[in-house]
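Some notes on the structure that comes next.
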Amino acid sequence: MAIFRLKVLSLAVACALAGAGSNAAAGGFGIGTQSGSGTGNAFAGGAAAAEDPGVAWYNPAGMMALPAGRHFAAAGHFLRPSFKFSNTGSTLAFSCVAPFPACPGGEGGDGGDWALVPNLFFTTDINPQWRFGIAVNAPFGLKTEYDAGWRGQLTALKSEIKSVNINPSVAYKASDSVSIGAGVSVQKLDAELTSFTGAAALGNAILDADDIGYGFNVGLLVQATPGTRFGASYRSSIKYDLEGTATFTGVAGAAFSGNVTAAIRVPESVSLSVFSVVNPRWEMMGDITWTRWSRIQQLDVIRTTASAGGAAGSTLTSLAFRWDDTWRFGLGANYRMSDQTKLRFGVAYDQTPTNDITRTPRLPDQDRTWVAAGVQFRPSKSGTFEFGYAHEFVRDANVNVTVPGVPGALVGRFKNRADIISLQYSHSF
């Protein structure tokens with residue numbers, strides 16, 4: 001009986017940690033929507049565009065390309081991902097036929113839902129050669145949640161990651177054509193991951209953990225010609241030692257609940273961008289971004305308090321991710337209709353770090369293609385409104401998930417897509 005309890009406990013936490021959230025806007029669990037003006041261009045050219053104070057996030061050196069003065073921007077992004085599972089051959093415990101449990105939740109419904117991601121940016125002159133900026137945003141997160149009792153409840157019910165990042169930075173104008181910048185990040189990460197244990201006495205397993213991590217970013221901006229500039233930026237990885245609790249909701253769950261810790265490192269990234277004024281009407285931009293998602297290979301969950309499941313310091317479970325590095329490619333264009341109105345267009349291709357072997361319903365991510373459009377309207381010299389819309393065509397994602405100690409596998413395909421609506425107001429003073 002004790003061995004059975006240990007197996008059930010390890011299974012429950014493995015299920016609760018088998019993924020790290022999901023995202024409607026970028027590969028992995030990164031959130032790509034980091035400025036309202038960028039949405040209409042599919043976020044192409046972010047490290048070189050320097051159209052508003054959002055450049056303080058993308059490339060701190062780009063602050064030197066803004067007009068003199070103080071600039072403020074507030075943006076809200078409404079994200080609607082969709083993840084719908086279709087069974088293609090699940091077996092035994094995932095088959096929903098006797099002698100295994102029925103699945104009143106069916107195929108889980110739509111695992112995606114609306115989410116709001118806010119951004120705040122501010123930049124100001126220090127003197128003609130120095131500028132200061134700050135970005136407050138959410139670089140990682142979003143959520144998947146499936147109907148209770150669905151076919152895959154042993155692998156995932158709810159997965160939610162939320163982040164808050166505060167990133168002050170400075171820029172220095174080294175010459176008429178070259179600027180450099182650097183900043184630091186203070187970032188809080190919260191995770192809540194839930195699944196059914198497979199045992200009514202233990203109920204659902206809920207992991208709730210958080211930590212604060214620190215990182216840095218640097219950037220370079222080169223004004224090659226009066227109308228063309230190149231940008232390069234690097235953002236460091238951030239290590240988290242997540243601390244929290246593993247809780248079991250069933251009548252016997254209290255004896256198995258306790259404190260846990262797990263170390264995870266979110267990836268570094270490098271971006272190269274170009275922005276060019278082709279003529280008084282047209283502007284063109286593009287970028288390439290590399291993200292080191294291969295940082296996430298395995299997650300070891302360690303007990304920090306003793307429980308019926310094991311002693312403090314013992315390994316509760318080890319989870320394999322085996323993620324790969326990714327590339328993102330974007331192209332965008334702006335058409336100036338008048339002094340007050342600018343139209344935006346963009347396309348992008350964004351790779352997923354996941355694979356068909358270790359992918360789970362917590363993050364049924366796949367490669368995606370962006371198509372975007374937007375409009376900028378300036379009612380005055382100091383105020384600017386931005387509206388952007390992007391649709392992500394996401395490839396179907398196959399899953400073939402096994403759970404230790406449980407016979408059979410969850411085998412199926414997720415049909416995915418995502419929509420993004422962005423609103424932003426910028427003000428200069």
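The values are calculated or read from the model by the stated rules, or taken from the named source; none is laboratory data. In this text the structure is predicted, and so the values were computed from the model without any measurement. Heads up, the Cβs are rebuilt from the backbone with ideal geometry, glycines too, and the neighbour counts pull from every protein chain shown.
Key figures for this structure:
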item	result
Scope region 91-102; condition surrounded by 15 or more Cβ atoms within 10 Å (Cβ to Cβ) and either touching a Pro at 6+ places or on another chain (Cβ under 7 Å) or under 9 Å from G152 (Cα atoms) (or both); matching residues	A93, F94
Region 27-55: number of residues that are more than 16 Å from K342 (Cβ to Cβ), in contact with a helix residue (DSSP H, G or I) (Cβ under 6 Å, 6 or more places away or on another chain) and of a type in the set (A, V, I, L, M)	2
Residue, surrounded by the most Cβ atoms within 10 Å (Cβ to Cβ), within region 404-429, restricted to residues that are under 24 Å from T91 (Cβ atoms) and aliphatic (A, V, I, L, M)	L410
Residues of region 237-261 satisfying the condition of being within 15 Å of E192 (Cβ to Cβ) and in a strand (DSSP E or B)	Y240, L242, E243, G244, T245, A246, T247, F248, V260
Odd one out for I264, checked against (1) assigned to a loop (DSSP other than H, G, I, E, B); (2) crowded, with 18+ Cβ neighbours inside 10 Å	(1)
Selection count, region 64-90, where residues are surrounded by fewer than 18 Cβ atoms within 10 Å (Cβ to Cβ) and closer than 14 Å to I31 by Cβ	3
Members of region 60-86 found to be touching a Leu at 6+ places or on another chain (Cβ under 8 Å) and either without any contact (Cβ under 8 Å) to a residue 12 or more places away in the chain or not aromatic (F, W, Y) (or both), listed by number	A61, G62, M64, A65, A73, A74, A75, G76, H77, L79, P81
Region 69-104: number of residues that are at pLDDT 95 or above, more than 26 Å from K415 (Cα to Cα) and more than 28 Å from the chain's Cα centre (by Cα)	2
Qualifying residue in region 311-332 (condition: touching a strand residue (DSSP E or B) at 6+ places or on another chain (Cβ under 7 Å), farther than 30 Å from Q187 by Cβ and touching a residue at least 40 places away in the same chain (Cβ under 8 Å))	no
Residue in region 396-403 that is surrounded by fewer than 15 Cβ atoms within 10 Å (Cβ to Cβ), more than 17 Å from N41 (Cβ to Cβ) and among the small types (G, A, S) present	no
